[in-house]
1. Can you list residues whose amide H is under 5 Å from LEU36's amide H, if they're 5+ apart or on another chain and H is modeled 1.01 Å from N?
2. Please return the longest range in the chain lying between exposed loop sites, taking GluC sites (Glu not before Pro), DSSP loop only, at most 16 other beta-carbon atoms within 10 Å, and leaving the sites out.
3. Which peptide among 208-216, 39-47, 186-194 comes first, and what is the full order, when sorted by highest mean count of other Cβ atoms within 10 Å?
4. Which FRET efficiency value, to the nearest 0.05, is calculated for ARG160 and ARG37 with the Förster distance at 45 angstrom and r the Cβ-Cβ distance?
5. Sorted by packing (mean other beta-carbon atoms within 10 Å per residue), highest first, where do 178-184, 112-118, 234-240 land?
6. Taking θ = phi - 60°, what integer Hz values does the Karplus form 6.51 cos²θ - 1.76 cosθ + 1.60 yield along the range 102-107, in sequence order, with x for Gly and Pro?
7. Given H placed 1.01 Å from N in the peptide plane, which residues other than close sequence neighbours of ALA59 have an amide H under 5 Å from its amide H?
8. Calculate one ³J(HN,Hα) per residue across the range 220-225 by plugging θ = phi - 60° into the Karplus curve 6.51 cos²θ - 1.76 cosθ + 1.60, and present them in order as whole Hz with x for glycine and proline.
Amino acid sequence: MPASYDGSMARARTIELPRVVTYDGLPASAGGAHSLRTKHPHQAFGRVQRFADACTEPASAGSWTFEVWSGGPPALTERLVAVATETFGGACHRAPTHSRWNVSAESVNTALDALVAAGPDAVTEYGRSVATLIHSAPVRLVDPVDGVAYPDLAPDAFGRFAVDGYGRLLGGSGIRASIGSAASSLSLWLNLPADERLSLGARHLQDHLPFRLSAKHWRLWRPTRSGDSYLGNRIPSPVRQAGN
């Protein structure tokens, strides 16, 4: 070590931590999810699949569940519970408000058929769908230039920084589709590179969604000076910057 060493060399070698842009669609204060704009369960499922196939790769195994809620027509509720039990086995969760079953990928179409049979007017006294098929999946967004997941976007690259108490991490995207007998929605947590790839990537997402991404829920996350945390600030929609 040089005799005149005073720590300035160490400060000069500060590591530049990565930045990332996120889209939260939608936060609870804004409704929690985007409407898929159809009452037909198979069509709603197709819209989710179109987006997932074009814009994502699986990051790990996703899950499918089927829920039947109380407060709807008694005969219909009883029939849905019977169909779910016969098709999916015993419920994995029971509560006064609803029951839930795990659904295998092979049984998804059967679940969709059950929703169709229930009809678009199958709602509870509070207006929610009597039955809902829910799909949750961690995903990685793909670069539209080569169709491959962005190699530099993963939770480990951002120190597995937790954005909230619900398990969402910087660098890790996810989708949650709720396909109901009366209405369907898609919740998005998307992470995009904070560089010249951003606008094209955002435009690619918009082109494969049946709804408009909100201009109010984009954030740029920068590392703090200490390098052990991140701060997120709202930014204009990069979709509009791409020409929308």
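Bear in mind that the values in this text are calculations on the coordinates, not laboratory data. Note that the structure is predicted; figures quoted are calculated from it, not measured. Glycine gets a Cβ as well: all are built from the backbone with ideal geometry, and neighbour counts include every protein chain shown.
1. For LEU36, the qualifying residues are SER184, SER185, LEU186.
2. The reported range is 17-124.
3. Details: 208-216: 16.1, 39-47: 18.8, 186-194: 21.7.
The most tightly packed comes first, giving 186-194, 39-47, 208-216.
4. Working: r = 35 Å, r/R0 = 0.78.
After rounding to 0.05, the efficiency reads 0.80.
5. Descending packing order for the listed peptides: 178-184, 112-118, 234-240.
6. Calculated HN-Hα couplings, in order: 6, 10, 7, 4, 5, 9 Hz.
7. It is VAL139, ARG140, by chain and number.
8. Values per residue, Gly and Pro as x: 9, 9, 10, x, 6, 4 Hz.
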